[in-house]
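Student: What follows is a single structure, and I will ask about it in a moment.
Derivation of every value follows stated rules applied to the coordinates shown; laboratory data play no part. No experiment lies behind these values; they were computed from the predicted model shown. FYI the Cβ positions are ideal-geometry reconstructions off the backbone, even for glycines, and counts take in every protein chain you see.
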Amino acid sequence: MVQINLPSNSKVQKGTYYKDKTYSKNIRKVNVYRWDPSSGENPRIDTYEMDMDNCPSKVLDLLNKIKNEIDSSLAYRRSCSHGVCGSCAMNIDGKNGLACTKAHAEIKGDINIYPLPHLKVKKDLIGDLSGLYKQYESIEPWLKTNTKVEDTEIIQSKKDREKLDGAYECIMCACCSTSCPSYWWNGDKYLGPAVLLQAYRWIVDSRDDERKERLKKVADELKLYRCHTIMNCTSACPKGLNPAKAIAELKKMLATS
Ligand code: SF4
Ligand code: SF4
Ligand code: FES
C-alpha cells in the first residue's frame, strides 16, 4: 500500500491565543490561518477573542479589527469592501466567499478563516493567483473586431446584449476555480470555471469577430473537457453566477458547430 506523508514543515500548528482585553460580555473566537514564508516556521492557526459589541457586521470587519487593534502583521487582500473588486476572496467557515459581503452573524460557533484552497500561499490569507491570471490572459479578454471603430459605438441589439447577462458580472474572485476538484488536480492545464466563464463571455459577444477562433482555442481535452460537471463552482460563486452552465454551453457550441 502506498503511504503518503506530508512534509513536516507543512503541518498546521496551534498558534498564538489573543485574549480579549476589553472585558466585553459578547466575545467570539476567530481562528485565522497564518504563514509567513520568511520566518521558516510552520503554518499555524492564531485565535483572536473578539469584542462583537464593537465590530461591524462583515467578516472583513473582523479582519480589519484584528489588523488595526490586535495584530498588525496579519496579511490579507481587500480593496472595495462592497463585493465589487473580488480581492477579499477567502475560505470562510469552510466555504469560499468574499469577506466583505459575508456576515459573521451567519456563522455558528467559532469563525474559521483560511486562504482560498489549493493555491500556493504567499502569506497568511493571500493565495498566489498568478497562474489563474496567466490563464485569463491566454483567452485574450478584450474585444476583437475586423472593422475600424475607434470613434463610434458598436451597436448591439437588446437581445444580443442580454446574452452577456450572467457573465459580465463576474469579478474574477476565483472562489469558483479554487472550489473545483478538477482545477485542484489539473490547475496548470485545465482553465477552470472562472477563466472559462470569461472565455464564454467573449464568445457570445455579438460585437466580437473572433468567435470561431476563440472557440477553437478552448476546444481542448485539458483546457475545457476536464470539467466533469461537479457543480462546486456554481455553488461557490458569491455573485450568484453559474460558470458550470457557461462551460456546458461552450461544450454544446463545439458539438454543434
Ligand atoms: S462543474 Fe466543472 S468547473 Fe464547475 S466545479 Fe465541476 S468540474 Fe469544476
Ligand atoms: S464566476 Fe463567480 S466565483 Fe467565479 S470568478 Fe466570477 S464572480 Fe468569482
Ligand atoms: S473587498 Fe472588494 S470584493 Fe471584497
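Student: Among the residues of the stretch 24-39, how many are over 13 Å from ALA75 (Cα atoms) and not hydroxyl-bearing (Ser, Thr, Tyr)?
Tutor: 7
Student: Would you pick out the residues in the stretch 187-224 that are over 18 Å from PRO117 (Cα atoms) and within 10 Å of ligand 1 (Cβ to nearest atom)?
Tutor: Within the stretch 187-224, the first condition is being over 18 Å from PRO117 (Cα atoms), and the residues that meet it are 196-224.
Passing the criteria: LEU196, LEU197, LEU224.
Student: Could you list, ordered by first residue, the pairs with Cβ atoms under 8 Å in which the first is in the stretch 207-221 and among the β-branched types (Val, Ile, Thr) and the second is buried (at least 17 other Cβ atoms within 10 Å of the Cβ), at least 6 apart or interchain?
Tutor: Taking only residues 6 or more apart or on different chains, the pairs are VAL218/ILE139; VAL218/LEU191; VAL218/LEU196; VAL218/ALA199; VAL218/LEU224; VAL218/LEU250.
Student: Confirm whether ARG161 is surrounded by fewer than 18 Cβ atoms within 10 Å (Cβ to Cβ), away from ligand 1 (no atom under 15 Å from the Cβ) and farther than 25 Å from SER79 by Cα.
Tutor: yes
Student: Moving on to the next point. Which count do you get for residues in the stretch 45-64 that are over 22 Å from the mean Cα position of the chain (by Cα) and within 24 Å of PRO117 (Cα to Cα)?
Tutor: Selection size over the stretch 45-64: 3.
Student: Give the number of residues within the stretch 157-166 that are more than 16 Å from ligand 2 (Cβ to nearest atom), among the charged types (D, E, K, R) and in a loop (DSSP other than H, G, I, E, B).
Tutor: 1
Student: Then there's this: So which residues in the stretch 232-251 are within 11 Å of ligand 1 (Cβ to nearest atom), farther than 11 Å from LEU197 by Cα and in a loop (DSSP other than H, G, I, E, B), if there are any at all?
Tutor: Of everything in the stretch 232-251, just one residue is within 11 Å of ligand 1 (Cβ to nearest atom), farther than 11 Å from LEU197 by Cα and in a loop (DSSP other than H, G, I, E, B), namely CYS237.
Student: Next up: Working only within the stretch 121-141, note down all residues that are surrounded by 20 or more Cβ atoms within 10 Å (Cβ to Cβ) and in contact with a strand residue (DSSP E or B) (Cβ under 8 Å, 6 or more places away or on another chain).
Tutor: Answer for the stretch 121-141, where residues must be surrounded by 20 or more Cβ atoms within 10 Å (Cβ to Cβ) and in contact with a strand residue (DSSP E or B) (Cβ under 8 Å, 6 or more places away or on another chain): ASP124, LEU125, GLY127.
Student: Just for helices (runs of 4 or more DSSP H) wholly inside the stretch 167-231: which have at least 1 residues that are of a type outside the set (A, V, I, L, M, F, W, C), within 16 Å of ligand 2 (Cβ to nearest atom) and within 20 Å of GLY97 (Cβ to Cβ)?
Tutor: Once the helices (runs of 4 or more DSSP H) in the stretch 167-231 are filtered for at least 1 residues that are of a type outside the set (A, V, I, L, M, F, W, C), within 16 Å of ligand 2 (Cβ to nearest atom) and within 20 Å of GLY97 (Cβ to Cβ), what remains is 181-186, 192-203.
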